[in-house]
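A quick write-up on the structure given underneath.
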Amino acid sequence: MAIQIYNTLTRKKETFTPLEPGHVKLYVCGITSYDYCHIGHARSALVFDMIVSYFRYRQYKVTYIRNFTDIDDKIINRAAEQDTTPEKLANRFIDEFYVDMDKLGIARPTLEPKATENIEEMIQFISELIDKGMAYQSGNDVYYSVDSFADYGKLSGRNLEDMQAGARISVNEQKTNPMDFVLWKGSKPGEPQWDSPWGPGRPGWHIECSAMSKKFLGETFDIHGGGQDLIFPHHENELAQSEGANERPFVNTWIHHGFVTIKDEKMSKSLGNFLTIRDITANYHPEELRFFVFSTQYRNPLDFSENAMQDAISGLTRLYEAVAAIEQLEDGSPDLDSMITEKEKVKLANIEERFVKAMDNDFNTAQAQGVLFDTIKVLNKVRRNLPANPASGDITLLKTAVAKLKQLAGIMGLLREDADSFLTRKKAEMLAGLDIDEYTINRMIEERYAARAAKDWAKSDEIRDTLLQNNIELKDSAEGTTWTVKRLTQ
């Protein structure tokens, strides 16, 4: 089977074939380090962490580059507000970024270059564009001429003439075309600056990634990624610069993940719905956030809500409960016949094949999660039907399936903890502050089972209502009854 990836450039799914057999070269645009990271940053980091994990699972070598923009107008302005230097501010929030990434369990990329560490490469890149007639100096600034690149707009699907019609030139800019973009900014008093052939200044945002990706991955590489908000103008401008300077394709496959919304509204500080990673991890386990993020295919919008997170909590807990139940089984007797049907054996044997099929379909983690849940349905059914003294071969089969389940879930960063420890801690957290304990809940669920078996529906409803009054919600399924704590904010 081959991995199929939706390519933003061609607007279709394509079979992925790396330039160098067995080696994936990937570049992802990182943060501008001037503030704490929000849930949108979390989605980006998690998506590409998953993609890299899956490539490595499929036995590819991966060279993963993710940059830091550590010089920018936002950084300069925020540093002035906080009476510090742009360098100190940028480095502070890079450190904070790592705190968040480590909390989420995100592996470090191969390299994480900073813009300020690669100024010479950017100056050389700009000089090449000027020599080719694709860039020009205006005062102490240098601009890229979009008219010099015939394919400008091909990544975003925009028409240059339409964009020019609505564009405006700021009073402090001297451009040939309103769509031309800055490659080098002449420095203002008090700003950080570097020497250049065009006077002291600093690089524009777009030139950073073109120069650094070329330095670390070459003139053409396999995958460039980021959020959909980067398609235009950032990635469009990168493509124009790089293909203009290098005269060859820049990137073979462009991957862009969807936006994160809060209750169907775009996340915004002005709307008061801006959530940092720390806001989320203060209230939710990192794997719960991962489960939520991967419950939606990466290209689709992701709407954050309390109900969505409750679904994630329930789903992750169900996975851990199934794993714990199998891992706690004692060894059976070697001389007994198997009680697992051939159909069930086939389903358990096909876990990996079905998971890979889902992930090969443009990293469809939503489908892959479906495979995990189909698997635990079989595991739970087989476990419930085991006799008091089961065959050792059956126990081995179940535990082998659980080991594979954990390996596959681990690609999404799920089921990485000891199942029993996770569940014990989770239940203690859920019940903290309530006037009911786990023993009482389980006893009442057993009483409800008995009432339902006796078709005493009134008694069954009474037990459910009593638990609900104690903020315990029951959920019935073919696998049995599970419970969760109802959030008071719902």
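Scanning the range 13-41 for residues that are out of contact with any strand residue (DSSP E or B) (no Cβ under 7 Å at 6 or more places or on another chain) and not in a loop (DSSP other than H, G, I, E, B), we see that the one that is modelled with the lowest pLDDT is His41.
I need the strands (runs of 3 or more DSSP E) fully contained in the range 117-211, keeping only those with at least 1 residues that are free of Cβ contacts under 8 Å to residues at least 60 places away in the same chain.
On the way: elements: 135-138, 141-144, 181-186, 201-203.
The strands (runs of 3 or more DSSP E) meeting that bar are 135-138, 141-144, 181-186.
Here are Thr375, Thr400, Thr396, Thr424: which of them is within 14 Å of Glu321 (Cβ to Cβ), of a type in the set (Ser, Thr, Tyr) and modelled with pLDDT of 95 or more? Don't jump to the end; show me each part of the working.
Numbers: Thr400 fails: within 14 Å of Glu321 (Cβ to Cβ); Thr396 fails: within 14 Å of Glu321 (Cβ to Cβ); Thr424 fails: modelled with pLDDT of 95 or more.
From the options Thr375, Thr400, Thr396, Thr424, the qualifying one is Thr375.
Of the residues making up the range 376-399, those that are closer than 14 Å to Ile340 by Cα and of a type in the set (Val, Ile, Thr) are Val378, Val382, Ile395, Thr396.
Remark: pairs (first residue in the range 410-438, over 29 Å from Arg108 (Cβ atoms); second residue of a type outside the set (Phe, Trp, Tyr) and assigned to a loop (DSSP other than H, G, I, E, B); Cβ separation under 8 Å; 6+ apart in sequence or on different chains) = Asp420/Gln328; Leu431/Asp437; Leu434/Asn470; Leu434/Asn471; Asp435/Asn470; Ile436/Asn470.
Among the listed residues Leu217, Leu230, identify the single one that is under 18 Å from Arg299 (Cβ atoms) and at pLDDT 95 or above.
Details: Leu217 fails: under 18 Å from Arg299 (Cβ atoms).
Answer to the check: Leu230.
Could you please give the count of residues in the range 452-473 that are aliphatic (A, V, I, L, M) and crowded, with 17+ Cβ neighbours inside 10 Å? Spell out how you get there, then give the answer.
From the range 452-473, those aliphatic (A, V, I, L, M) are 453-454, 458, 463, 467-468, 472; that's our starting set.
Restricting the remaining residues to those that are crowded, with 17+ Cβ neighbours inside 10 Å gives 463, 467, 472.
Counting residues in the range 452-473 that are aliphatic (A, V, I, L, M) and crowded, with 17+ Cβ neighbours inside 10 Å gives 3.
Among the residues of the range 386-394, is any in a helix (DSSP H, G or I), of a type in the set (A, V, I, L, M) and either touching a Phe, Trp or Tyr at 6+ places or on another chain (Cβ under 8 Å) or farther than 30 Å from Phe48 by Cα (or both)?
Of all residues in the range 386-394, those in a helix (DSSP H, G or I) come to 392-394.
Right, trim to of a type in the set (A, V, I, L, M) and you get none.
No: the range 386-394 contains no residue that is in a helix (DSSP H, G or I), of a type in the set (A, V, I, L, M) and either touching a Phe, Trp or Tyr at 6+ places or on another chain (Cβ under 8 Å) or farther than 30 Å from Phe48 by Cα (or both).
When Gly153 is tested against (1) surrounded by 16 or more Cβ atoms within 10 Å (Cβ to Cβ); (2) on the phi < 0 side of the Ramachandran plot; (3) under 31 Å from the mean Cα position of the chain (by Cα), only condition (2) is not met. In the range 241-270, the residues that are at positive phi form Cβ pairs under 8 Å with partners that are part of a strand (DSSP E or B), at six or more places apart or across chains, as follows: Lys263/Asp303; Lys263/Phe304; Asp264/Asp303. Hey, can you tell me all the residues within the range 359-391 that are within 18 Å of Ala312 (Cα to Cα) and of a type in the set (Phe, Trp, Tyr)? Listed by number, the list holds a single entry, Phe373. Number of residues in the range 104-116 that are of a type outside the set (S, T, N, Q), under 19 Å from Pro192 (Cα atoms) and not in a loop (DSSP other than H, G, I, E, B): the value is 2.
Looking across the range 236-267, the residues that are over 25 Å from Ile126 (Cα atoms) and either surrounded by fewer than 20 Cβ atoms within 10 Å (Cβ to Cβ) or of a type in the set (A, V, I, L, M) (or both) come down to Ile255, Gly258, Phe259, Val260, Thr261, Ile262, Lys263, Asp264, Glu265, Lys266, Met267. I'd like the residue in the range 51-98 that is under 19 Å from the mean Cα position of the chain (by Cα), outside any helix (DSSP H, G or I) and among the β-branched types (Val, Ile, Thr) and, out of all such residues, is surrounded by the most Cβ atoms within 10 Å (Cβ to Cβ). By that ranking, first place goes to Ile65. Inclusion of Ser44 among residues that are outside any loop (DSSP other than H, G, I, E, B), surrounded by 23 or more Cβ atoms within 10 Å (Cβ to Cβ) and modelled with pLDDT of 95 or more is warranted. Looking at Met101, is it within 25 Å of the chain's Cα centre (by Cα), surrounded by 19 or more Cβ atoms within 10 Å (Cβ to Cβ) and not basic (Lys, Arg)? So Met101 fits the description; yes.
Filtering the range 217-245 to residues that are touching a helix residue (DSSP H, G or I) at 6+ places or on another chain (Cβ under 6 Å) and among the polar types (S, T, N, Q) leaves Asn237, Gln241, Ser242.
Yes/no per residue for (1) of a type outside the set (Lys, Arg); (2) closer than 30 Å to Tyr57 by Cα; (3) in contact with a Lys or Arg (Cβ under 9 Å, 6 or more places away or on another chain); (4) not in a loop (DSSP other than H, G, I, E, B):
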| site | (1), (2), (3), (4) |
| --- | --- |
| Leu405 | yes, yes, no, yes |
| Leu414 | yes, yes, yes, no |
| Ala450 | yes, no, yes, yes |
| Thr484 | yes, no, yes, yes |
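Checking each residue in the range 18-50 for being over 9 Å from the mean Cα position of the chain (by Cα) and aromatic (Phe, Trp, Tyr) picks out Tyr27, Tyr34, Tyr36.
All conditions but one from (1) touching a Ser or Thr at 6+ places or on another chain (Cβ under 9 Å); (2) buried (at least 18 other Cβ atoms within 10 Å of the Cβ); (3) within 25 Å of Val52 (Cβ to Cβ) apply to Lys404; the one that does not is (2).
The values are calculated or read from the model by the stated rules, or taken from the named source; none is laboratory data. Quick caveat, the model's predicted, so the values are computed rather than measured. For neighbour counting, all protein chains shown are included, and Cβ atoms are generated from backbone atoms with ideal geometry for every residue, glycine included.
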